[in-house]
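A quick write-up on the structure given underneath.
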Amino acid sequence: MLLDAPYNGSMAAPDASIAPPSELPASVAGDLASAAVPAGSVIIRILPDALVSQIAAGEVVERPASVVKELLENALDAGARRIEVRLQGGGARRIVVSDDGSGIARDQLSLALQRHATSKIASLRDLETVTTLGFRGEALAAIASVAAVSIVSRTPGAETAWRIHADTGLIEPAAGNFGTRIEVADLFHNTPARRKFLRTEATELGHCVTVLERVAAAHPQVAFHAWHDARHVLDAPAATLRERTATLMPPDFAAAARAVEAHAGNIALSGWTGAPTASRPRADAQYFFVNGRFVRDKLLSHALRSAYADVLHGSSQPMYCLFLRIDPSAVDVNVHPSKSEVRFRDSSAVHQFVRHAVERALASSGASPAGLASTTGTSGRPGTSDAASVPGRPDTWIPDQRRFDTFRPTAAQAQLAMAAQAPGVPPGLAALFGTGSTRGAGESSDASPAAVQQPGQAGPYPPEAERGAGDGAIAPPLGFAIAQIGGVYVLARNEHGLVIVDMHAAHERIVYEGLKQALGTGELAQQQLLIPHVFAASDLDVATAEEHAATLGRIGLDLHPAGPHQLTLRALPQLLLQADVPALVRQVLADLREFGAERVLIERRDELLASMACHGAVRANRNLTIDEMNGLLRQMEQTSRADQCNHGRPTWIQLGYADLDRLFLRGR
């Protein structure tokens, strides 16, 4: 059937003696395309190669940063160890990328500029297991169709370098070091309509620098240097992965970084993710690499957002730099010409793997959640720095990059990596202070969900120790309470100085985690009230309570109408005994009306439990005894994600002796 041609009711059989257009000489194909056709018919033409290249350039070359990305990837595929980039006019006027890679032989230079010519793949099997950054063989041809391109290259052992001009195809001797130097001038000079869409010079330069940083982050062994006119815009010498990431990420990332390391079968995730308290208003510090390739993938982004759902507030954006290694045959990188999107063979498994790995990293309490990492050593006094033992410090916040290539874990490691539940006890506290629980991330807690204590219940330390009696007292990670100030904050002392706790935020997290675990295991303990709580309610609330009585029972609320304008509560979860009952009930009923029972219990379960925890947590201006304060501290030590509340705020900070000495100018 003729493409785009109107159907006239009859169709002649094709003449088998006529070769398809792809096999015809160019002159014959042109004659056929321009041959006379019946009036009213649509003419089908074979597009000129130049126009085809410009159409392809519309997908590959969006702005100067696209050119920089393609040239950097070619340099890395050539084995470059040092790459220099020089820009003018934000890259629109001139881009020069030089590398010390393997170079291009003289007789290969003209092929390098042809469409669909590549040294990266040779068969469909190669395409299904791509291990290089580039492979499509159309970038240089597309760039040459919208800009003036010249290549100077010299292979190892060659006596001289050779230059080719894309517009003429002329190859001539040139002066040049080993490697390749590609110059792109006057981008979009022959397509002025495209040039009008470019932004200001500063904006285009910013995009170019962003691309440089993304590529440099994944290849720390390569030195990257970039200039704009005479100004240095990037100086990244060859370094370790730790040093490279510390250079490129925002300054506050180091203190807030949590190490992520998970392995299962042929998939591994390594890197660092920022604590929720170090979130940003923009997603400008998010790096995710798949087999060394920076990607913007919706599946991976959703997995990260899901991992942060319990701890990130509103539209805040987390910081992270993560590296996913996966069998190349399990991921398709041939999705879009820009190669910034990928597709996974088992997308659900990848989503769950990434989500749970990041959740476990966030569940462990690292250094001070407010970013005020203590500078004291193990003795707790200034002058005995032991920074190397503190998670979150620049010395240790990057895992060994050699682990990125480990794809064959033991069965126990694989089971741990794919475990859905977060650890019950944050191992970061023990690592930070060298004391407390040493239970691993994969071990289960002995405490049942119903065992979550209210402030004041006995903890694992003897009363005389919690009151600080004697120098030989056991030292828990968060120390022993000494006072309550402002009706909100609990002050405690530990080996390293002063701990300040927001008691409502901390107890809210404790109650929330207890509710979530209890509801998930079907062991939500309910407390019958000796005297039922009766309170006024609107007609709508009464009707909602009557309609959703079964759903309310599943979340531990025995709620029934007591009259036309009254509700009575006969039982509630043990974890919510301190709750403001009318406010709690009204919030739950409002959620049931807005979302329905099924969505509340499945899609919005965590939001509902977080709201219930907020109402059930100890309120501000409630005076706590020393025993109650110590009980709260012990519960925090046994609760995952205890260093931030459900809204992403810190629940406690550590002020070391060095911090206190600085406040009082001691030692000056």
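The values are calculated or read from the model by the stated rules, or taken from the named source; none is laboratory data. It should be emphasised that the depicted structure is a prediction, and the values quoted were computed from it without experimental measurement. Glycine gets a Cβ as well: all are built from the backbone with ideal geometry, and neighbour counts include every protein chain shown. Quick note on the areas: whole protein, heavy atoms, side chains included, nothing else; ligands and nucleic acids left out. Shrake-Rupley method; radii C 1.70, N 1.55, O 1.52, S 1.80 Å.
Given the Cα-Cα distance of A50 and E546 and 0.36 nm per residue of separation, how much length would full extension add, in nm?
Values: separation 496, 0.36 × 496 = 178.56 nm, distance 7.23 nm.
Taking A50 through E546 to full extension adds about 171.3 nm, to one decimal.
Hey, if we sort I104, I95 by accessible area with the 1.4 Å probe, largest down, what's the order? Working shown, then result.
Numbers: I104 45, I95 0 Å².
From most accessible down to least: I104, I95.
What Kirkwood radius, in Å to one decimal, follows from the Cα pairs of region 471-516?
Details: mean 1/r = 0.0850 Å⁻¹.
When all Cα pairs of region 471-516 are included, the Kirkwood radius is 11.8 Å.
For S119, what accessible surface area do you get with a 1.4 Å probe? Give it in Å², rounded to 10.
Surface open to solvent at S119 totals about 110 Å².
Quote the convex hull volume per residue of region 65-197, based on C-alpha atoms, as a whole number of Å³.
Numbers: hull volume 14.9 nm³, N = 133.
Convex hull volume per residue, Cα atoms: 112 Å³.
Cα-based Rg (one decimal) and Dmax (whole number) for region 619-664, in Å?
13.6, 34
Could you bin all the Cα-Cα distances of region 231-346 into 5 Å bins starting at 0 and give me the percent of pairs in each, rounded to whole numbers?
The calculated distribution, bin by bin, is 2, 10, 19, 22, 19, 16, 10, 2, 0, 0.
When the dipole is taken about the Cα centre of region 529-601, and only Lys, Arg (+1) and Asp, Glu (-1) are charged at their Cβ, what size is it in debye, to the nearest 20?
Numbers: 5 positive and 9 negative charges, 35 e Å.
Rounded to the nearest 20 debye, it is 160 debye.
Hey, any idea what % of region 169-260's accessible area is carbon plus sulfur with a 1.4 Å probe?
Details: 2440 of 4360 Å².
C and S fraction of accessible area: 56 percent.
If you stretched the chain out fully between Q221 and I602, how much longer would it get, using 0.36 nm times the residue separation minus the C-alpha to C-alpha distance? Walk me through the numbers before you get to the answer.
Numbers: separation 381, 0.36 × 381 = 137.16 nm, distance 4.63 nm.
Length difference between fully extended and current span is 132.5 nm.
Taking the Cα atoms of region 506-583, what is the range of coordinates along each of the three principal axes, in descending order and whole Å?
Principal-axis extents of region 506-583 (Cα, largest first): 36, 22, 22 Å.
Specify the inter-centroid distance of region 209-238 and region 627-668, based on alpha-carbon positions, in whole Å.
39
Using 0.36 nm per residue of separation minus the Cα-Cα distance, give me the extension gain between S338 and S306 in nm, one decimal. Present the calculation step by step, with values, prior to reporting the outcome.
Numbers: separation 32, 0.36 × 32 = 11.52 nm, distance 2.68 nm.
Length gained between S338 and S306: 8.8 nm.
Give me the log10 of I(q) over I(0) for region 509-668 at q = 0.09, 0.15, 0.17, 0.19 Å⁻¹, as the Debye formula computes it from C-alpha points; what are the numbers?
-0.38, -0.85, -1.05, -1.25
Please get the size of the charge dipole for region 180-265, origin at its Cα centre, with Cβ charges of +1 on Lys and Arg and -1 on Asp and Glu, quoted in debye to the nearest 20. The partial results should precede the final answer.
On the way: 10 positive and 10 negative charges, 51 e Å.
Approximately 240 debye in magnitude.
What does the accessible area of R343 come to, in Å² to the nearest 10, when a probe of 1.4 Å is used?
Accessible area, nearest 10 Å²: 120 Å².
Expressed as a fraction of 2.2 N^0.38 Å, the rule-of-thumb size for a compact globular protein of N residues, what is the C-alpha radius of gyration of region 562-603?
Numbers: Rg = 11.9 Å, N = 42, 2.2 N^0.38 = 9.1 Å.
Cα-based Rg divided by the globular estimate yields 1.31.
Over region 195-285, with the other protein chains present, what is the accessible area per residue in square angstrom, probe 1.4 angstrom? Don't skip to the end; give the middle numbers.
Working: 3770 Å² over 91 residues.
Dividing the accessible area of region 195-285 by its residue count gives 41 Å².
Shape of region 131-246 from its Cα gyration tensor (a ≥ b ≥ c, root eigenvalues): rounded if a/c is under 1.5, otherwise prolate when a/b > b/c, or oblate?
Details: a/c = 1.86, a/b = 1.12, b/c = 1.66.
Here region 131-246 falls in the oblate category.
With a 1.4 Å probe and all protein chains left in place, how much of the accessible area of region 494-612 comes from carbon and sulfur atoms, in whole percent?
Numbers: 2640 of 5220 Å².
Carbon-and-sulfur percentage of accessible area, whole number: 50.
Quickly work out the Q566-to-E172 label distance, labels modelled 7 Å from Cα along the C-beta direction, and quote it in nm with one decimal.
In this crude label model, E172 to Q566 measures out at 10.1 nm.
Obtain the nm distance between the two label points defined at R554 and T521 by a simple spin-label model: each point lies 7 Å from its Cα along the Cα-to-C-beta direction.
Distance between label points: 2.0 nm.
Under 12 Å from a point 7 Å along the Cα-to-Cβ line of A620: which residues of region 306-320 have their amide N that close?
Counting backbone N atoms under 12 Å from the label point, the list is empty.
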